[in-house]
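Derivation of every value follows stated rules applied to the coordinates shown; laboratory data play no part. Since the model is a prediction, treat every value here as computed from it, not as a measurement. Using ideal geometry, Cβ is built from the backbone for each residue, glycine included, and neighbour counts are taken over all protein chains shown.
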Amino acid sequence: MKKYFLAIMLAVASVVSASAADFGTSLGVNFLYGSKKSQKGIGVNYKINFTDNFRVSPEFQYYFSNDNFKTWDANANLEYTFPIMESCNVYPIVGFSYSHWTEKMKVPGLDRAANIYDRIGGNLGAGIEYYVSERVAIAAEVRAQLFKHYSQCVLSVGARYIF
């Protein structure tokens, strides 16, 4: 299932990037904090603008192991920017998420044991971005990732290069 989800996300990203070439795209890196298990992580995103304000943002996030949990997720979000100053925007975030959690366990008689949880859920949040230059923006986001039994708050700070 996760292979199909990732393949669909890549196909959508390639199709929409061709149709959104006139409005621009950007590639970014984020540093993350996930509240469920107090995990720190790193993520990459690719923002595709359809208009001056409306964009799609596929992204991949990896959380470092903490408390015997490893996590990663793939997201596809919609964002609509609202200018609040000449070089600063705020935006709501609404989207879908696929999350993969691995919990390592110690079981007598077994070298390795793990519980694996795959969930499809939603994202709901907001962000703020500041354009340092015409080609570079910094951003901060907060969002709720809503999954059955694994919902969490994700805080992220990062930078993007605008093409």
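Tabulate in residue order the Karplus-calculated ³J(HN,Hα) for segment 155-162, using 6.51 cos²θ - 1.76 cosθ + 1.60 with θ = phi - 60°, rounded to whole Hz; enter x for Gly and Pro.
Once θ is set to phi - 60°, the couplings for segment 155-162 become 9, 9, 9, x, 9, 10, 9, 9 Hz.
In sequence order, what are the phi-derived ³J(HN,Hα) couplings for segment 115-130 according to the Karplus relation 6.51 cos²θ - 1.76 cosθ + 1.60 with θ = phi - 60°, rounded to whole Hz, with x for glycine and proline?
9, 10, 10, 10, 9, 10, x, x, 10, 8, x, 8, x, 9, 10, 10
Step through the residues of segment 55-61 one at a time and calculate ³J(HN,Hα) from phi using the Karplus curve (6.51 cos²θ - 1.76 cosθ + 1.60, θ = phi - 60°), rounding each to whole Hz and writing x for Gly and Pro.
Once θ is set to phi - 60°, the couplings for segment 55-61 become 8, 10, 9, x, 8, 10, 10 Hz.
Taking 7 Å along the Cα-to-C-beta vector as the label spot, tell me the Ala144-Ile162 distance in nanometres, rounded to one decimal.
Label at Ala144, label at Ile162, 3.1 nm between them.
If you take the charge dipole of segment 32-163 about its Cα centre, with +1 on Lys and Arg Cβ and -1 on Asp and Glu Cβ, which of His100, Ser156, Ala76 is farthest toward its positive end?
Result: His100, furthest along the dipole toward the positive end.
Would you kindly calculate the translational diffusion coefficient of segment 49-129, applying Stokes-Einstein with the Kirkwood radius from alpha carbon pairs, for 10 °C and a viscosity of 1.306 mPa s, and quote it in µm² s⁻¹ without decimals?
Rounded, D is 106 µm²/s.
Assign unit charges at the C-beta atoms only (+1 for Lys and Arg, -1 for Asp and Glu), then state the dipole size of segment 62-122 relative to its Cα centre in Debye, rounded to the nearest 20.
The calculated dipole for segment 62-122 is roughly 320 debye.
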